[in-house]
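Before I ask anything, let me first share the structure, which is written out below as C-alpha cells.
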Amino acid sequence: MTMDERLRQAVIDRLRRGEELPSEWARELFPPERREYELVYYGKEREEEILSDTMAVPLQPVRAFGKNAEWQNMLIFGDNLQAMKTLLKMKEDGQLRCADGTPGVRLIYIDPPFGTGDEYGTGDGEIAYSAKIQGTRFIEFLRKRLILLRELLTDDGTIYVRLDYHFGHYIKVVMDEVFGEQNFRNEIVINRFKRQLRNLKQFNVGTDSLYFYSRSSKYKFHEQIRTRLCSFCGNETEPAWLPMSSPGLRNPPERRIKGKLLLPPRGRHFTFKQTTIDDMESARRIRINPEGSYYDLKGRRVDGIPEYLQTEDTPVDSDWTDLKGYVRSARYPTENPEELLARVIEASSDKGDVVLDAFAGSGTTIAVAEKLGRRWIGIDCGKLATYTMQKRLLHLKAEIGNTGKAVAPRPFTLYNAGLYDFATLRKLPWEDWRFFALQLFGCRDEPHTIGRLRLDGKLKGSSVLVFNHYDHKGKRIDEDTVRDIHLAIGKQVGKRFFIIAPRGVFDFQQDYLDFDGVRYYALRIPYSIINELHARAFTALKQPRDEGAINDTVDAVGFDFIRPPDVTWSASLVKNNRGQTTLRPQAALTLKSFHSTTRVRGEDIAGGMDTFAMLMLDLNYDGDVFEMDEFRLAQDMKNSDWEIHVPADSIGKQVMAVFIDVYGNESRVVIPRAAFGLGKQKPAGKRASTKQHAIIV
C-alpha cells in the first residue's frame, strides 16, 4: 500500500468517526504548485490559508502629530502580521498609495529577529529584545510575514531582508518560493560587529547578509555611487592611470585615440567603444604614456601605451562593508546605521514612495525615510520600541547619521492594532463606531434587510447586526430580545446570526443562544474572543518582563481592550546609611504594588507583581507628549527591590511614569518635582524640545 493510499484510508476513517483532520495533512491533501525545489518542514502552511486565515485588526488612532489631508505617515503598535492584513485591505481599497498614485508599498526593509536564541542587551545593560524563536518555528514565522509583505508591494516594488549566518540560507530558499527565484537580485554583504575574540576554533563573524528581491522583472532601481575604494585594502584611494586594453578580440578592433587610428595589442581589444573614448578625451581622462610600447594585431611596434584615468567615484556593488555595522552607542545594540538605510531607500524608491518596516525596532528605517522625503509605515509589537521611535521622530536631525540641525517631522499618527481603548471608542460618532465594530470582528460592511430588520454586514456568510446603542440608550439585549429577533427573521438567516454591542448592553453571560437550530452569537465590545469563530486560537500581545519572556511579543493573534493596571508608588531622594543625600543626589521611584485587571481567555494571570512588565520615565514631562528617557524591565526592577534611581538634576518640573503590564496596558502617573523632595528647577535644567504639536484623536 502506498503512502497516498494509507493517507486516504486515514482520512476516511477520521471522517466516519466525525473527527477533525490534522492541520499538518493540508499540504498532502491540497499540495501547492510543484517547484523544482522548496524547503519542506513540519508546520508549513499553504499560502492560501495564511492569506485567508490571518485576522485583520482595525487601526485605532492614539495620537496624531500634525495633520495632512493627503497622506499621514503611520507608526503602528501591534502584531505585524495582523496589521499587514489590515494594510492589505487598505491597498485594495485604494487607501495605501504612493504619491504617484500607485497602490501599495514601493520598498520594504526588515531586520527581523534572527531566530538564533541570542540575547541582545541595550547599551545601558537593559534587554531590548531577544531572538528566541528557533528552527522551523522561526522559518514559518518569517515566511508568513514575507507572504503578506509580497502582497503589499507595488508591482514594481522591492524588499530587503537582513539575516545572519544561522538561518540566512533557509530564508533565501523561502524567499525564492515566495517571490520567485527569477526575482532574486543580490545577496549584499554588510558589516555586523567587528569582534576580535581570541582562541576561537573558528573565525570571528563580522558580516551579515542583506537579501534583495523584487516583486517582478520591472522594478525601480537607481545606481548608487561611492568614492573609489582600493580593491585590496578597502580604503578610499585616488584614481589611477590604467592601460586601456582588455583580453580577447572585438570587431572592429581599431580606435581613434588622441588623433591617431590605432590597433590594440595582440590578443587584446581596446576596453571602450569609440563614443566612450571621445567623451573621456573631452574630460581629459585619456593619454598616451610615452614610457612604454606594444606590438599591435599586425605585429607592428607601437610606441606609447594608451591609458585611461579611473573616475573618483564608482558604482556600488554587492559588497557594502564600506558602511559601519550595528550602532554600538545606541540604546538598541542591533540598531542599523542610517547610512545603510539611506543607500537602500535611495536605490529602490523615489520621493513620495511608501517605505515599510514591519520590524521597526528603534526606527532607523522610518527616520531615514522621513529625511529623504518618502512616505513611511513602521510596525512593532513592543511598547519599548514604539516609544523609542516616537521620541526619535520628534527629535530628528537633518543629516544622515543623525547630525545637523533639528527638523520637525511631517505629520504622522500613532495607532494601536490589536489592543484598543474602549473609552475612546465609545466617543466615536455612530457611523465610525459601526465601521470599527464590523472591522474588529472581520465582518464585511454589507447593509441589507431581512423582513423589516435592517442589518449591517456579513460574517462567514451570515448576517450581522450592530446594535445602535446611541439611539437605544438604556435598552438592554436579553434572551427575550434575541427570541423576538428569531421570531421575526429566524427562518431566513440560516444557522447563525451575529449581534455586536457594548458588553454592558447584554443581559446574559453566554457567548450564544440557540433557538430552533439557529445560533445567535453575542459579540461583545470590549471582549477578547469566541474561540469557535476563529481559525486560529487567540494569543495575547505580551510585553517582555525578563529575558525569558522577551519574544512573547512577536507572534500574537487576536485583539483585546486596554484595562489600566492598579499601581501604588512612592518617590523620594536616596539617602546613605547616615540619612544624608549622596554627593550627586539621586532620586528614587519605588513600585509598591501592581495589579493587572486584564482578563484574557485561556491565560493564567496572577494579577499582582507577576503581571508587571516595565516602567518608563519621561524626566521632564511637558504635559503633552510622553518622551521616554529611562526604562526598566520587571526583572531588573525586582533585582533592585522594585526601585529605579535617576540623577536628581535630570528631573524637570514633573515626571511622567508609565507602568506597563505584560499585555501592554498602561497606567500613567504625573509626579511633581516636589514629590521627590526637590526644590524648584533651575532654568538651565530645562530640556530643549523640537516637538510638533500633537493632536489627540
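Taking Thr86, is it among the polar types (S, T, N, Q) and touching a Leu at 6+ places or on another chain (Cβ under 8 Å)? Talk me through it step by step, then tell me what you get.
Details: among the polar types (S, T, N, Q): yes; touching a Leu at 6+ places or on another chain (Cβ under 8 Å): yes.
When the stated conditions are applied, Thr86 passes them.
What residue, among those in segment 206-223 that are of a type in the set (S, T, N, Q) and assigned to a strand (DSSP E or B), is surrounded by the fewest Cβ atoms within 10 Å (Cβ to Cβ)? If you could, list the steps in order and put the result at the bottom.
Of segment 206-223, the ones of a type in the set (S, T, N, Q) are 207, 209, 214, 216-217.
So of that shortlist, the ones also assigned to a strand (DSSP E or B) come out as 207, 209, 214.
Values: Thr207: 18, Ser209: 21, Ser214: 22.
Within segment 206-223, the match that is surrounded by the fewest Cβ atoms within 10 Å (Cβ to Cβ) is Thr207.
Looking at Gly378, Gly373, which is the one that is surrounded by 19 or more Cβ atoms within 10 Å (Cβ to Cβ), under 30 Å from Ala56 (Cα atoms) and in contact with a Gly (Cβ under 8 Å, 6 or more places away or on another chain)?
Going through Gly378, Gly373 in turn, the sole match is Gly378.
Now for a separate question. Checking Leu619 against (1) closer than 30 Å to Leu81 by Cβ; (2) at pLDDT 95 or above; (3) not small (Gly, Ala, Ser), which single condition isn't satisfied?
It is condition (1) that Leu619 fails.
So, in segment 48-86, exactly how many residues are within 19 Å of Thr365 (Cα to Cα) and of a type outside the set (Asp, Glu)?
First pass over segment 48-86, keeping only residues within 19 Å of Thr365 (Cα to Cα): 65, 71-81, 83-84.
The next check asks that each one be of a type outside the set (Asp, Glu); those that pass are 65, 71-78, 80-81, 83-84.
Of the residues in segment 48-86, 13 are within 19 Å of Thr365 (Cα to Cα) and of a type outside the set (Asp, Glu).
Counting residues that are modelled with pLDDT of 95 or more and within 23 Å of Leu51 (Cβ to Cβ), which strands (runs of 3 or more DSSP E) fully inside segment 67-167 reach at least 1?
Because the criterion is at least 1 residues that are modelled with pLDDT of 95 or more and within 23 Å of Leu51 (Cβ to Cβ), the strands (runs of 3 or more DSSP E) in segment 67-167 that meet it are 73-78, 105-110, 153-163.
Find the strands (runs of 3 or more DSSP E) located wholly in segment 376-472 whose residues include 2 or more that are out of contact with any helix residue (DSSP H, G or I) (no Cβ under 8 Å at 6 or more places or on another chain), among the basic types (Lys, Arg) and not assigned by TED's automatic domain parsing to the domain that holds Glu70, and list them.
Numbers: elements: 396-399, 403-407, 412-417, 444-450, 453-459, 462-466.
In segment 376-472, 453-459 are the strands (runs of 3 or more DSSP E) which contain 2 or more residues that are out of contact with any helix residue (DSSP H, G or I) (no Cβ under 8 Å at 6 or more places or on another chain), among the basic types (Lys, Arg) and not assigned by TED's automatic domain parsing to the domain that holds Glu70.
Could you grab me the full set of residues in segment 51-98 that are surrounded by fewer than 23 Cβ atoms within 10 Å (Cβ to Cβ), closer than 21 Å to Leu142 by Cα and small (Gly, Ala, Ser)?
Residues satisfying the conditions are Ser52, Ala56.
Could you list, in sequence order, all residues of segment 169-205 that are outside any strand (DSSP E or B), β-branched (Val, Ile, Thr) and under 23 Å from the mean Cα position of the chain (by Cα)?
Pass one, segment 169-205, residues outside any strand (DSSP E or B): 169-183, 192-205.
Now restrict to residues that are β-branched (Val, Ile, Thr): 171, 173-174, 178, 205.
Ile171, Val173, Val174, Val178, listed by residue number.
Does segment 574-587 include one or more residues that are over 28 Å from Ala613 (Cα atoms) and either surrounded by 19 or more Cβ atoms within 10 Å (Cβ to Cβ) or modelled with pLDDT of 85 or more (or both)? Working first, answer last.
Here is the first cut: in segment 574-587, the ones over 28 Å from Ala613 (Cα atoms) are 576-584.
Next cut, either surrounded by 19 or more Cβ atoms within 10 Å (Cβ to Cβ) or modelled with pLDDT of 85 or more (or both) only: none.
Scanning segment 574-587, I find no residue that is over 28 Å from Ala613 (Cα atoms) and either surrounded by 19 or more Cβ atoms within 10 Å (Cβ to Cβ) or modelled with pLDDT of 85 or more (or both), so the answer is no.
Across segment 412-439, what is the total count of residues that are buried (at least 21 other Cβ atoms within 10 Å of the Cβ) and either within 14 Å of Pro526 (Cβ to Cβ) or without any contact (Cβ under 8 Å) to a residue 12 or more places away in the chain (or both)?
Selection size over segment 412-439: 5.
The values are calculated or read from the model by the stated rules, or taken from the named source; none is laboratory data. Just so it is clear, the model here is predicted, and its values are computed rather than measured. Don't worry about glycine lacking a Cβ; one is built from the backbone with ideal geometry, like all the others, and counts go over all protein chains shown.
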